[in-house]
Amino acid sequence: MKRALVSVGFAAVLCLLAGSRAAAGSVVLFDEGHGQQFLAGRSGELDLSALAAIFRQSGLEVRTNSGRLDAAALRGIGALVISGPFSPIAPDEAEAVRVFVGNGGRLVLMLHIGQPLQVLLERLGIQYSRGPVHEAEGIIGGRDLNFTVTRFRRHAITDGLKDLGVFGCWALKNFNPEASEIALTSAGAWLDSDGNGRLSPGEPVGSHGLVVAGTLSHGAYIVFGDDAIFQNRFLETHNRDLGRRLAHWLAAAPEAAPRPASPKQPGGIRL
């Protein structure tokens with residue numbers, strides 16, 4: 001009888017633990033504590049409410065955090081979204097995020113400007129360009145800063161994806177062997193390094209990475225060189241399919257592993 005009671009009790013504990021893990025895996029936290037101007041809970045044309053709605057439709061619970069990113073803020077969630085920060089992610093916050101990902105979490109970064117994310121990007125082995133990308137193909141609305149991307153490498157969010165639109169994107173260069181640039185420009189794209197709006201002698205011309213995806217120990221991350229991709233105005237007209245794919249990728253996150261994250265990746269500087 002005692003054995004039976006112990007077995008039942010043990011089974012109940014396992015069910016509770018499994019439920020706790022499942023709940024954690026279904027929660028997506030939007031960081032709103034670093035000067036973000038475009039928010040998941042607002043419905044302006046540059047806000048992220050449509051993306052949050054897609055996440056909820058995919059079975060994800062959406063939360064927001066207006067404080068620092070530390071172990072307490074990241075406890076009990078499966079994924080973290082940091083979109084368009086204007087205030088820097090501090091080194092100790094970047095380390096907390098790195099540990100979160102290494103222990104099985106999923107991370108999505110979207111750049112408005114690169115400097116606030118620089119410390120975290122260095123931990124991931126990623127550099128961002130000094131100037132935005134100008135394209136020679138697929139231009140949207142007559143501005144070569146806005147263009148359609150059709151060149152992809154294999155990943156859960158790009159397999160079968162027809163295209164995505166960017167609207168002022170930084171180039172990303174990956175130095176991490178556990179990551180890859182999964183969306184790229186044409187060979188005729190160039191970087192406006194001096195900010196004068198035209199191609200100057202010596203400015204880089206060629207294929208440039210716009211989205212980087214990688215793994216870190218038990219977790220995974222995706223970095224987008226543009227935060228406008230998922231803003232309401234552009235999500236509805238160009239990137240809804242990408243938004244759904246991102247939601248499915250987040251929902252498929254494995255349960256977190258209670259082991260320490262891998263060592264820090266080497267840092268980098270801007271291109």
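Which value, in nm² and rounded to one decimal, describes the direction-averaged projected area of the C-alpha convex hull of segment 22-251? Walk me through the intermediate numbers first.
On the way: hull surface 46.4 nm².
Seen from a random direction, the Cα hull of segment 22-251 projects 11.6 nm² on average.
Listed values for segment 149-154 are Karplus-derived 3J(HN,Hα) couplings in whole Hz (6.51 cos²θ - 1.76 cosθ + 1.60, θ = phi - 60°), namely 9, 10, 9, 10, 9, 5, and x replaces Gly and Pro. Going by neighbour counts of Cβ atoms within 10 Å, the residues Glu203, Glu95 line up, fewest first, as Glu203, Glu95.
Between His248 and Ser43, what is 0.36 nm times their sequence separation minus the Cα-Cα distance? Round to one decimal in nm.
Stretched out fully, the His248 to Ser43 stretch lengthens by 71.6 nm.
Annotation: extensible slack from Arg68 through Arg143 equals 23.3 nm (criterion: 0.36 nm per residue apart, minus Cα-Cα distance). Applying 0.36 nm per residue to the separation of Ser193 and Arg75 and subtracting their alpha-carbon distance, the gain on full extension is 38.5 nm.
FYI, it's all coordinate maths here, none of it is from the lab. Because the structure is a prediction, the values reported are computed rather than measured. Heads up, the Cβs are rebuilt from the backbone with ideal geometry, glycines too, and the neighbour counts pull from every protein chain shown.
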